[in-house]
1. Taking the conditions exactly as written (assigned to a helix (DSSP H, G or I) and not charged (D, E, K, R)), does Val201 satisfy them or not?
2. I'm told Thr131 meets every condition in (1) outside any helix (DSSP H, G or I); (2) out of contact with any strand residue (DSSP E or B) (no Cβ under 7 Å at 6 or more places or on another chain) except one. Can you identify the failing condition by its number?
3. When you check Gln224 against the structure, is it at pLDDT 85 or above, part of a helix (DSSP H, G or I) and buried (at least 17 other Cβ atoms within 10 Å of the Cβ), yes or no?
4. Do you know which residues across the stretch 77-130 are among the charged types (D, E, K, R) and under 21 Å from Ser207 (Cβ atoms)?
5. For Leu120, work out the one condition from (1) assigned to a strand (DSSP E or B); (2) touching a residue at least 40 places away in the same chain (Cβ under 8 Å) it doesn't fulfil.
6. With (1) modelled with pLDDT under 85; (2) not in a helix (DSSP H, G or I) as the list, and Asn324 as the residue in question, which single condition is left unmet?
7. Out of the residues in the stretch 335-374 that are within 18 Å of Ile228 (Cβ to Cβ) and in contact with a helix residue (DSSP H, G or I) (Cβ under 7 Å, 6 or more places away or on another chain), state the one that is surrounded by the most Cβ atoms within 10 Å (Cβ to Cβ).
8. Within the stretch 336-356, identify whether any single residue is part of a helix (DSSP H, G or I) and under 16 Å from the mean Cα position of the chain (by Cα), and answer yes or no.
Amino acid sequence: MGNMVIRVKKKLVARPLLGVIVLTAACTCLQIPFWPTAAPGAQNAQSGQDKSSIRVNVEQVNTPVVVRDANGEYVLNLSLKSFRVFDNGVKQELESFEVGGAPISAAIVIETSSRIQGLLPLIRPTGILFTNTILGEPGEAAVFGYNDNVDLLLDFTKDHDAIEKTISRIQTSTSGACLYDALSQAANVLRNRPASRRKLVITLAESTDTGCEVKRGQVLRQLQLDNITVYSIGLSLVAAEWHGPEKQAAAPMATVQGTFSLPPFPGSALTPLEVQQYSGNMNLMPFANWTLWGLKYATGTAHDPLKMAAAMTGGLYQTSFDGNSVEVAIDQIAAELSAQYTLSYNLARTVAGGYHKIKVEVVDHPELKARSRPGYYVGPL
């Protein structure tokens with residue numbers, strides 16, 4: 001047999017990259033050559049050697065990890081040897097490790113539908129929080145607004161003043177909420193940022209998508225393919241109503257609050273409280289359960305796209321009810337990014353693309369809890 005030469009084309013980036021390994025027969029050297037333009041058959045004829053080729057994907061996988069102790073405090077003193085990472089159940093050899101170091105590229109996505117009109121006074125001052133606590137000097141951001149349409153309000157820039165002014169001038173428009181379209185467009189612009197940066201989508205939005213062009217599964221796969229982490233701050237319609245323009249006062253009640261002057265119109269539906277009132281049995285537990293069900297339905301917790309996007313990309317979801325909680329949520333995101341470990345490993349495969357599960361463990365510290373993205377997609381060879 002002829003000599004074996006292994007040639008690998010490899011580039012360290014966050015997304016899967018294609019390399020080609022040409023196997024011949026018996027030398028154990030590893031070369032990283034420039035790829036020839038000649039066809040494999042022509043090259044074989046010229047060299048007179050019998051060669052065969054197989055396609056192998058060599059990729060660097062990066063996963064952000066946050067570790068907390070039993071009290072929920074961030075753990076910042078771990079080393080590379082403190083972690084074990086499994087990719088599709090196979091233990092990986094970690095290549096690199098850092099704590100909160102890489103500069104940030106963030107797509108800030110803000111809902112601008114008419115439904116959150118009342119929250120504008122709480123949203124507009126948040127620009128300085130994004131620039132000072134999350135981005136810092138090396139960070140950059142783009143700003144999107146969305147309703148029935150998605151608008152790029154500011155392309156990527158490190159100009160803090162421009163970011164803050166753009167957010168301070170946010171205006172509402174139509175009542176639609178194309179959330180998945182907005183996430184998809186944010187992912188599209190983040191894809192072109194350098195692979196050395198941490199890529200984030202930070203949303204200030206309701207947990208609602210009114211059904212536009214992009215579907216949930218499509219955008220989640222897109223975010224995972226491009227190694228983008230989603231941090232979500234859920235806006236509250238209750239808070240929007242509370243802070244919104246005053247409504248016309250209702251007519252004075254003819255009876256004491258909590259009582260009913262007349263029986264309901266025949267055939268109309270009763271709330272649990274009305275049933276208890278008319279029956280004379282004022283057990284309030286059914287009313288409490290009904291109220292909780294209504295809140296769950298109204299706030300979208302039964303089917304929450306923001307929670308899902310954060311969970312599937314290793315990010316963080318937080319609710320908000322007033323201005324202070326929006327500020328607290330931004331501070332929490334900044335704290336997590338500062339405490340975030342980035343673990344990297346090289347993965348070679350010869351099979352078709354698909355979903356890879358990631359599991360991260362902290363060695364010899366069962367009381368510590370590590371949170372990372374649950375997995376990622378790789379494209380076909």
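1. Numbers: assigned to a helix (DSSP H, G or I): no; not charged (D, E, K, R): yes.
For Val201, the condition - assigned to a helix (DSSP H, G or I) and not charged (D, E, K, R) - is not met.
2. Among (1) outside any helix (DSSP H, G or I); (2) out of contact with any strand residue (DSSP E or B) (no Cβ under 7 Å at 6 or more places or on another chain), Thr131 violates only (1).
3. On the way: at pLDDT 85 or above: yes; part of a helix (DSSP H, G or I): yes; buried (at least 17 other Cβ atoms within 10 Å of the Cβ): yes.
Yes: the conditions hold for Gln224.
4. If we filter the stretch 77-130 for residues that are among the charged types (D, E, K, R), which is where we start, we get 81, 84, 87, 91, 93, 95, 98, 111, 115, 124.
Correct list: Glu111, Arg115.
5. Evaluating Leu120 over (1) assigned to a strand (DSSP E or B); (2) touching a residue at least 40 places away in the same chain (Cβ under 8 Å) leaves (1) as the failure.
6. (2)
7. So, considering only residues that are within 18 Å of Ile228 (Cβ to Cβ) and in contact with a helix residue (DSSP H, G or I) (Cβ under 7 Å, 6 or more places away or on another chain), the one surrounded by the most Cβ atoms within 10 Å (Cβ to Cβ) is Leu337.
8. Residues of the stretch 336-356 part of a helix (DSSP H, G or I): 336-338.
In the following step, the residues that additionally are under 16 Å from the mean Cα position of the chain (by Cα) were identified as 336-337.
Looking for residues that are part of a helix (DSSP H, G or I) and under 16 Å from the mean Cα position of the chain (by Cα), one finds at least one in the stretch 336-356, hence yes.
The values are calculated or read from the model by the stated rules, or taken from the named source; none is laboratory data. Quantities reported herein were computed from a predicted structural model and do not represent experimental measurements. Here Cβ is always computed from backbone atoms with ideal geometry, including for glycine, and neighbour counts include all displayed protein chains.
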